Amino acid sequence: MTDQVMSGTDLARLRELNSLTVVRALRDQPPTTVTELANLTGLSRPAVDVIAQGLVSSGWATVVEPGGSSTVGRPARRYRFRATAGHVLGVDVGGHKILALIADLDGNVVHTSRIAVAADADPAERLAKLDQILATCLRDAGMTAQDIWAVTVGVTGPVDATGRTTLFTPLPGWQTVDLPTHLSGRFTCPVVVENDCKLAALAERWRGAANDANDIVFVLAGMRTGAGLIIDGVLRRGYGGAAGEIGALKAVKWLAAPSHLQRCPGVPPTVSDDDAAAWVFTAARDGNRDARTAVGRYVKDLAVGTAALVLALDPQVVVFGGGFSRSADLVLDPLRRELEKLCLRVPEVRASTLGADSVALGALRLALNEIDQRLFADGLSAPVAPRR
């Protein structure tokens, strides 16, 4: 029988895989000793000791010096994943604002920048605002574009494989915008563009109201209504990126639902269409009969599309998010009652806990997923930022 001899390439790849195994273990744990890492990974203690020291040298880990005043032996050295080795950028390009968040590799937000933009802004104006907020965000965070390892941008409307919203978007003229190409002039890292509802759903599962669920329908409720779907823990985009766009079917009444709030009797003429809903929710909370009726009609229409998704997908949780989630106290109970009339099984209905930051947070999560995919598929070859 002939013994197989492992080549130098095989040995190098084995060392790489073992290093990745230790990195995975470090990312999921508090500061950890070599013995603990050996138990977690199944690798030998001497091998883990060498790997851990190598990860410190290459910038992927840091040493946590032993604390305390014990005089019985020398406390074991502990290692921590170095989350500041790189950073990701999540951006929400909305109708009225652009929000940018920078986070480290553990998802800790280290800087936030926000800028207002007119709802009727044309593509050139909106892109100029985007460029402005990105420059401000990086500058104020003390970073350059080279410090960012992945970028995700959330936009309104179904996003196809090229990063465009060619099917539909309420942003004026945005169907003509090639955002990945626009941003490639600033960033050399991967740039992903995704639908805002889908990103908000991702955020709610990561850090929001649905962090205990794998099957989620996220309903973005505002002056437009949309949905993001997570099934079996996976964000569902659909073949053309239009999964969840059930509001396009007029029979489900999502398109017209906000008009009940806009047309509510008693809304002062000085209140704009964008602010009418807030006025109605406040008046309903104060007992105004017309306002309560308008909210009830809105909920009935919202329930039709929500029920269609519930019947099709049987989720564990429905998350009520978007701008109207600030008035969840007026919506959740009647929405549950309407779903009970329409559905075979009613899932839990919860209010978003992330509010206006949900899309940008979901963008961060998707960017971190991109980093993990590259890291664990291609090895520890991504550039490591200088220590600060």
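The values are calculated or read from the model by the stated rules, or taken from the named source; none is laboratory data. Since this is a predicted model, take the numbers as computed values, not measurements. Methodologically, a virtual Cβ is constructed for each residue, glycine included, from the backbone with ideal geometry; neighbour enumeration extends over all protein chains shown. Side chains included, ligands, DNA and RNA excluded: accessible areas come from the protein's heavy atoms. Shrake-Rupley method; radii C 1.70, N 1.55, O 1.52, S 1.80 Å.
Numbers for the structure displayed
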item	result
Estimated D of the chain in µm² per second, where Rh is the Kirkwood radius over Cα pairs and Stokes-Einstein applies at 25 °C, 0.890 mPa s	106 µm²/s
Cα→Cβ-extended label distance, 7 Å offset, between Thr181 and Ala116, nm	3.3 nm
Calculated FRET value between Thr282 and Asn211, using beta carbons and R₀ = 25 Å, to 0.05	0.25
Reachable lysines from Lys129, criterion Cα separation under 30 angstrom, eight or more residues apart if same chain	Lys97, Lys198
Cβ-based charge dipole, the chain, positive-most Cα from Val64, Leu311, Pro170	Val64
The stretch 85-157, Rg to Rh (Cα coordinates; Rh as Kirkwood inverse mean 1/r)	0.98
Heavy-atom SASA rank of Phe168, Phe81 (probe 1.4 Å, accessible area, largest first)	Phe168, Phe81
Extension gain from Val234 to Ser44, taking 0.36 nm per residue of separation minus the Cα-Cα distance	65.0 nm
Candidates Gly142, Gly90, Gly59, ranked by Gaussian network fluctuation over the chain, Cα under 10 Å, top entry	Gly142
Label-point separation, Phe168 to Asp275 (7 Å along Cα→Cβ), nm	2.9 nm
Separation in nanometres of the label points that stand 7 Å from Cα toward Cβ, at Ala83 and Ala145	2.7 nm
Max mean-square fluctuation residue, GNM over the chain, Cα-Cα springs under 10 Å, options Leu361, Leu342, Leu220	Leu342
Antiparallel %, DSSP beta bridges [both residues in the chain], to 5	60 percent
The stretch 12-45-the stretch 134-206 distance, computed between alpha-carbon centres (Å)	34 Å
The chain, helix-only ellipticity at 222 nm - DSSP H runs n ≥ 4, -39,500 (n - 2.57), divided by all residues, nearest 500	-13000 deg cm²/dmol
GNM flexibility winner over the chain from Gly208, Gly247, Gly233 (Cα, springs under 10 Å)	Gly233
Average accessible surface area per residue within the chain, 1.4 Å rolling probe, Å²	47 Å²
